[in-house]
Ligand code: ADP
Ligand code: MG
């Protein structure tokens, strides 16, 4: 099982946001995706999910079905003003098993409750989601992901606007998932979090700058190269 990316270019209005990228995310990996603003990180994740079209190249899910890949987008896909309970939101992770109108059986109910317990939201199951802080809401979104029980977890800046205590609690949960064989691929922008939790890093600035062991990728030299490339891309935009 792996997600294989070959010579991938993805453009918006003819402007490439991801350019000739080759990469493989193998089963059980723990990868940070790192790069400057506008480097194409979200575009890459969306394309890996099949949400954007490849202009050239391909994304191949090798021995993976759609349900095997869970995705937490950068902008939440959930409207928090909906009158939905914490339990109901976490239970949306069962979608691939039961569809929109399916009933949650007792075993599934226990799984949802167990996922909420793991992110310390077990006591909040009956609250409505509009009562939650950002950190609590993000915990529930991670619980929804755990409920899906996918083999690959893709997360796009999951800790924005989330307090440090919650961030590290959720990083610990992601690490446990990885130790149980799940692949975790997360866009992050905090060096310390990446260094502490992610053995591998993929550095992107529209094109791939480097990938490999985090200590070999997050070097001053490679980070400056990524920043210089991102800056050059912005200057291009200015010229047009
Ligand atoms: P990152 O997540 O690394 O900050 P994105 O993948 O969101 O980068 O964006 C990469 C580039 O593509 C940026 O220049 C951004 O402005 C542009 N872009 C992203 N989404 C769109 C869109 N829907 N339409 C046009 N341009 C977009
Ligand atoms: Mg982004």
When you count, for each residue, the other Cβ atoms within 10 Å and take the mean per peptide, how do 150-159, 177-186, 137-146, 207-216 rank with the highest first? 137-146, 150-159, 177-186, 207-216
Take peptides 103-112, 82-91 and line them up by average Cβ neighbours within 10 Å, highest first, as a rough protection proxy. 82-91, 103-112
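Using Cα pairs under 8 angstrom and six or more residues apart, how large is the relative contact order of the stretch 59-132, in percent? Could the numbers behind the result be given before it?
Numbers: 41 pairs, mean separation 32.7, N = 74.
So the answer I get is 44 percent.
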From the C-alpha gyration tensor of the stretch 43-113, pull out the three semi-axes of the equivalent ellipsoid (sqrt of 5λ each), sorted largest to smallest, in whole Å. 28, 17, 9
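Output the antiparallel fraction of DSSP beta bridges having both residues in the chain, as a percent to the nearest 5. Could you put the intermediate results ahead of the total?
Working: 21 of 38 bridges.
The answer is about 55 percent antiparallel.
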From Cα pairs below 8 angstrom and at least 6 apart in sequence, can you work out the relative contact order of the chain, rounded to a whole percent? 27 percent
Taking Cα atoms, how many degrees apart are the long axis of helix 164-179 and the longest axis of the chain, rounded to 10 and kept between 0 and 90? 90 degrees
Helix 220-239 vs. the chain, principal-axis angle (Cα, 0 to 90°, nearest 10): 80 degrees
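Step by step: find N for the stretch 1-129, compute 2.2 N^0.38 Å, then divide the Cα radius of gyration by it. What's the final number? Walk me through the numbers on the way to the answer.
Values: Rg = 17.8 Å, N = 129, 2.2 N^0.38 = 13.9 Å.
Here the Cα radius of gyration is 1.28 times the empirical estimate.
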Treating the angle as unsigned and between 0 and 90°, give the value, to the nearest 10°, between the Cα long axis of helix 106-118 and the longest Cα principal axis of the chain. 60 degrees
If we sort 13-21, 220-228, 31-39 on the protection proxy, mean other Cβ atoms within 10 Å, highest first, what's the order? 31-39, 13-21, 220-228
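Taking every eigenvalue of the Cα gyration tensor of the chain, multiplying by 5 and rooting it, what semi-axes result, largest first, whole Å?
Output for the chain: semi-axes of 32, 19, 18 Å.
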When only Cα pairs under 8 Å and 6 or more residues apart are kept, what is the percent relative contact order across the stretch 1-128? 23 percent
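Here, each number is a calculation from the coordinates, and none is a lab measurement. Computed from a prediction, not measured in an experiment: that's the story for all the values here. Quick reminder, even Gly has a Cβ in these numbers, built from the backbone with ideal geometry, and neighbours come from all protein chains shown.
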